[in-house]
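Note sheet for the following structure.
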Amino acid sequence: MAKKDFYIPKIEVDSSKKKTENQAESEKRRNQERFVSPYYGPNVKDVLTYPFVKYGNRGSQYEGLRDKPLVPEEKVIQKYGTKYHEFKQIQGIREDARLAEIITEEEFTSSGGPENWEDELGRLEDLPPLDDEYDFYGKTIYSGNDSDTAPEFVPSGRRNFNSEQRYTGYNTRRENPIFPERRPSQKYVAPPQTLLKRDQSARTSDYTSVNFQKEIIDRTLRDFRIGGHVVHFTKGPTVTQFEIKLDAGVKVERVKNIARNLQMNLEGKSIRIEAPIPGKSTIGIEVPNIEQEKVLFGDLMTRPEFLNDGNPLNVALGIDIGGDFITLDITQMPHALIAGTTGSGKSVCIHSIINSMIFKSTPEEVRLVLIDPKLIEFTSYEDIPHLATPVINDPKLATTALKWAVDEMQNRYELFKACRRRDISSYNELAEEDPNLRKLPFIVIIIDELADLMFVASSSVEEYIQRLAQKARAAGIHLIMATQRPSTDIIKGPIKANIPTRIAFALNSQVDSMTILDKSGADKLLGKGDMLYSDGVNEIRVQGAYISLEEIMAITDYLRQKYGPDFLFSKEDLTEKMQYEEALGSDPRSDEYFEVIAQYVVENNNASINRIQKRFGIGFNRAQNIMMGLEELGIVSEGMAGKPRTVLVTLEELEDILNQ
């Protein structure tokens with residue numbers, strides 16, 4: 001998709017109006033003096049450009065660079081009495097005297113000043129203080145108390161003056177203009193878009209190679225005596241889709257049967273045939289481009305219609321074959337499965353999703369739970385304000401975090417029930433009106449390698465994931481899981497049934513493609529961000545956005561230095577909860593069936609494990625553990641080979657034991 005050049009229409013001025021003499025001299029001086037940028041020096045084009053500007057929104061491209069939101073002057077004056085409330089007042093010092101401190105006597109005299117430096121300095125010190133002077137560096141020179149005395153103003157060339165201590169705020173901003181000092185109470189502002197790389201070159205419009213491939217396809221169809229020809233083609237960043245219109249009476253399977261011949265004649269790495277294209281009467285053949293283009297994450301994030309859509313969970317995914325911008329709305333998703341081999345672009349896609357939420361949402365709107373069993377993928381996101389907990393690397397701690405998410409889901413549903421609301425959106429609307437309620441953030445759980453978690457704790461992880469996939473959407477909790485091996489023992493049927501959104505990158509075999517997409521096609525992808533995105537109904541081929549490690553480090557360093565971490569619960573809390581769950585799980589008396597089975601055994605005067613299994617529908621191991629707990633409390637006798645257990649207490653004694 002070619003980049004569009006935005007411009008501001010020029011308003012013609014009546015040339016008959018005469019300019020004043022001062023205006024003419026000012027224009028002449030401005031044309032002679034070349035602009036020198038404080039960052040880029042004189043190597044700047046003398047062309048006035050306004051990127052992404054159209055009529056009516058001039059200047060909106062700089063909103064992301066503000067430390068504080070822009071407030072109208074009327075509200076500022078109404079609240080503070082003056083629009084200059086941000087500046088601190090300097091008492092008793094002339095601005096001329098303060099500026100004289102940072103220049104030398106030689107510079108002063110060479111610029112036309114008096115030869116007697118002390119006389120001129122004394123004249124400045126004798127001036128009466130002004131009440132309306134401000135320090136525009138944000139630091140007061142000295143205290144305004146009556147007991148304090150003004151400092152002695154001596155030129156810097158006459159004594160050793162540590163100007164760094166005097167103007168610390170100014171020097172800090174000059175040395176590190178990108179990362180300001182951390183302000184914990186400051187409202188969250190997205191990182192500047194200057195941290196992202198952009199593609200400066202325009203997309204090529206040369207269709208010579210495409211026309212050559214079109215002729216090869218037509219010739220191959222004629223060689224195999226298949227009635228049809230290419231009627232249309234769509235060139236994307238990495239692949240081009242050719243649409244073939246078949247003659248009447250020609251079977252679609254005949255084109256699919258010559259797929260290998262087409263690939264050989266086109267000399268392509270792989271081709272994918274979509275027969276037919278959904279919603280069209282043509283067959284699609286997707287052929288890799290001879291010169292492939294890269295889709296940069298920075299180019300997608302600079303689109304104002306995407307940044308200002310008001311949905312914090314609408315993330316950037318990439319560009320499709322037609323050049324359209326494809327986004328992924330996590331609130332409608334509501335959970336996703338991502339599969340792809342090493343180097344196919346799976347991790348880069350996850351990074352694009354995370355950084356999209358960083359740019360579009362505040363920590364009060366979205367919280368992230370990052371689970372990284374590989375220890376290396378999410379390391380750069382440590383201590384950013386969007387994290388609900390530190391990055392989790394231990395599979396056992398990951399199980400506990402999923403258990404916390406299930407408990408949080410249940411607590412939210414209880415809160416919704418009490419407020420008579422059905423989902424998080426309607427509840428947050430109520431919380432904006434009711435000061436007694438607190439808005440709830442969305443929680444996005446991202447698992448980088450699901451296979452490793454299933455290997456360590458398959459039963460518990462599968463149970464928690466299944467419960468979240470079934471019920472967590474209305475509570476504002478969403479799952480995004482990625483794996484390199486999409487086999488049936490990792491992605492099981494109950495999990496797939498509740499996760500309609502699938503993203504498949506290049507896979508090794510057609511079997512893996514069937515597991516993740518329920519159809520073939522992912523084994524024909526090219527890798528390096530080439531994906532098939534399915535929302536459960538439609539399937540789109542997308543070239544994923546690329547974000548480099550340097551960009552990720554720059555963004556996270558900015559967030560760490562300006563805001564710092566703000567966890568909902570720490571890793572120590574997770575560890576304590578895990579140890580408590582393990583101790584509780586090893587105690588059979590913590591089982592929910594324990595008291596019911598104890599009462600059943602005493603009432604029937606029968607302590608048979610087989611009878612308990614049939615009566616309550618539980619497994620042998622669980623029934624045996626409960627029986628061992630009854631034996632420890634002295635409710636039943638010790639088990640002996642060939643002899644049944646005897647009940648040792650009455651119902652009144654059992655009630656006393658359970659109460660204790």
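Return Cys419, Cys349 ranked ascending by Cβ neighbour count within 10 Å, so the fewest neighbours appear first. Could you put the intermediate results ahead of the total?
On the way: Cys419 14, Cys349 29.
Ranking Cys419, Cys349 by Cβ neighbours within 10 Å, fewest first, gives Cys419, Cys349.
Can you work out ³J(HN,Hα) from phi for every residue in segment 283-295, in order, using Karplus 6.51 cos²θ - 1.76 cosθ + 1.60 and θ = phi - 60°, giving whole Hz and x for Gly and Pro?
Values per residue, Gly and Pro as x: 9, x, 10, 9, 10, x, 6, 5, 10, 9, 10, 9, 9 Hz.
Could you tell me the distance between the Cα centroids of segment 361-385 and segment 624-643, to the nearest Å?
For segment 361-385 versus segment 624-643, the Cα centre distance is 48 Å.
Mind checking segment 243-332 for chymotrypsin sites (Phe, Trp or Tyr not before Pro) that DSSP puts in a loop (not H, G, I, E or B) and that have at most 14 other Cβ atoms within 10 Å? Write out the running numbers ahead of the final one.
On the way: sites: Phe297, Phe306, Phe325; in loops: none.
Here no loop site has a sparse enough neighbourhood.
What are the chymotrypsin sites (Phe, Trp or Tyr not before Pro) within segment 326-432 that DSSP puts in a loop, where the Cβ has at most 12 other Cβ atoms within 10 Å? Spell out each step's value before the answer.
Working: sites: Phe359, Phe378, Tyr381, Trp404, Tyr413, Phe416, Tyr427; in loops: Phe378.
Of the chymotrypsin sites (Phe, Trp or Tyr not before Pro), not one in the loops of segment 326-432 has a Cβ with at most 12 other Cβ atoms within 10 Å.
Which trypsin sites (Lys or Arg not before Pro) in segment 276-362 pass both tests, a DSSP loop state and at most 12 other beta-carbon atoms within 10 Å?
Working: sites: Lys280, Lys294, Lys346, Lys360; in loops: Lys280, Lys294.
Loop-located and lightly packed - Lys280.
Taking other Cβ within 10 Å of each residue's Cβ, how do Thr240, Thr341 sort, fewest first?
Values: Thr240 21, Thr341 17.
Taking fewest neighbouring Cβ atoms as first place, the list is Thr341, Thr240.
For Tyr188, Tyr546, Tyr558, what ranking results if the residue with the fewest other Cβ atoms within 10 Å of its Cβ goes first?
Details: Tyr188 16, Tyr546 22, Tyr558 19.
Ascending Cβ contact count within 10 Å gives the list Tyr188, Tyr558, Tyr546.
We did not get these values from a lab; they are worked out from the coordinates using the rules stated. Fair warning: this is a prediction, and the values are worked out from it, not measured in the lab. Here Cβ is always computed from backbone atoms with ideal geometry, including for glycine, and neighbour counts include all displayed protein chains.
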